[in-house]
Amino acid sequence: MTTIQCRGVLFDLDGVLADSTPAVARVWAIWAKKHGFDPEETVRRAHGRPSLATIRDLLPDADHAAENASVERMEIEDIGDVVALPGASELLRALPANKWTVVTSCTRTLALVRLRAAGLPIPAQIVTSTDIIHGKPNPEPYLKGAELLRLAPADCVVIEDAPAGIRAAKAAGSRVIALRTTERDNFLREAGADWIVETCASVRVAQPSHDGQIALALSSAN
């Protein structure tokens, strides 16, 4: 058992709290085929990044706002099999409400739709692609997440599943617990993950101490 001391926890959404991977793959595969791109490579490229960033990379001369609105609309409509990942709800409910938030590459509208579809608690404030200029792997999202909790990034632990998100968290100065829900261990390690576990079910909250510290106990951490 590995124990980590921190003052706050920042969660990615897709692949960490909610299993939206099938929906994301379907939407981006449709979009990729429409524009003549390889679906598998496009899905991998899009994972963990704001959709607008992927669209700008692949279609530099397109109407980016229109393309992004189309992708978002498809993602909002495709939530039939979006569910909470193992341990996610239990972990969120075990943490003090002012000690965690969500930092996602989704738009605010899509993030709220997925949180509700998965039956997960919704924090008072979240960081989405709507709130930032530079998306993951830029550190801006996690810097803003720590700011929402009124903490230094070094006092926060980030829980991520995507290499882009891991790089963003490490660049912000946070430690990272990576989940094996999306990528292989070697990609997670190369991105800078400090610990690797299966899902949020491998993370348990010990009783917060009087000075605001939280102890996270990891089972089977690598």
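The values are calculated or read from the model by the stated rules, or taken from the named source; none is laboratory data. Just so it is clear, the model here is predicted, and its values are computed rather than measured. Glycine also receives a Cβ, built like all others from the backbone with ideal geometry; neighbour counts cover every protein chain displayed. Areas reflect the complete protein model, heavy atoms only, side chains present, ligands, DNA and RNA absent. Shrake-Rupley method; radii C 1.70, N 1.55, O 1.52, S 1.80 Å.
Laid out as a table, the results:
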quantity	calculated
Any hit, region 92-101, residues being within 20 Å of Ser219 (Cα to Cα), open to solvent by 40 Å² or more (accessible area, probe 1.4 Å), assigned to a helix (DSSP H, G or I) and touching a residue at least 60 places away in the same chain (Cβ under 8 Å)	yes
Only listed residue being polar (S, T, N, Q) and open to solvent by less than 50 Å² (accessible area, probe 1.4 Å), chosen from Ser220, Ser129	Ser129
Top-ranked residue of region 7-21 - restricted to ones that are in contact with an Asp or Glu (Cβ under 6 Å, 6 or more places away or on another chain) and over 16 Å from Ile196 (Cα atoms), ranked as surrounded by the most Cβ atoms within 10 Å (Cβ to Cβ)	Ser20
Matching residues, region 102-118, being under 20 Å from Asp131 (Cα atoms) and either in a loop (DSSP other than H, G, I, E, B) or in contact with a Lys or Arg (Cβ under 9 Å, 6 or more places away or on another chain) (or both)	Val103, Thr104, Ser105, Cys106, Thr107
In region 48-64, the residues that are closer than 20 Å to Val127 by Cα and either of a type in the set (A, V, I, L, M) or open to solvent by less than 40 Å² (accessible area, probe 1.4 Å) (or both)	Gly48, Pro50, Ser51, Leu52, Ala53, Thr54
Residues of region 130-173 satisfying the condition of being over 19 Å from Thr107 (Cα atoms), of a type in the set (A, V, I, L, M, F, W, C) and over 15 Å from the mean Cα position of the chain (by Cα)	Leu149, Leu151, Ala152, Ala154, Ala171
Restricting region 153-177 to residues that are small (Gly, Ala, Ser) and open to solvent by less than 10 Å² (accessible area, probe 1.4 Å), the residue that is modelled with the lowest pLDDT	Ala162
Residue in region 43-62 that is in contact with a Pro (Cβ under 6 Å, 6 or more places away or on another chain), free of Cβ contacts under 8 Å to residues at least 24 places away in the same chain and under 20 Å from Ala162 (Cα atoms) present	no
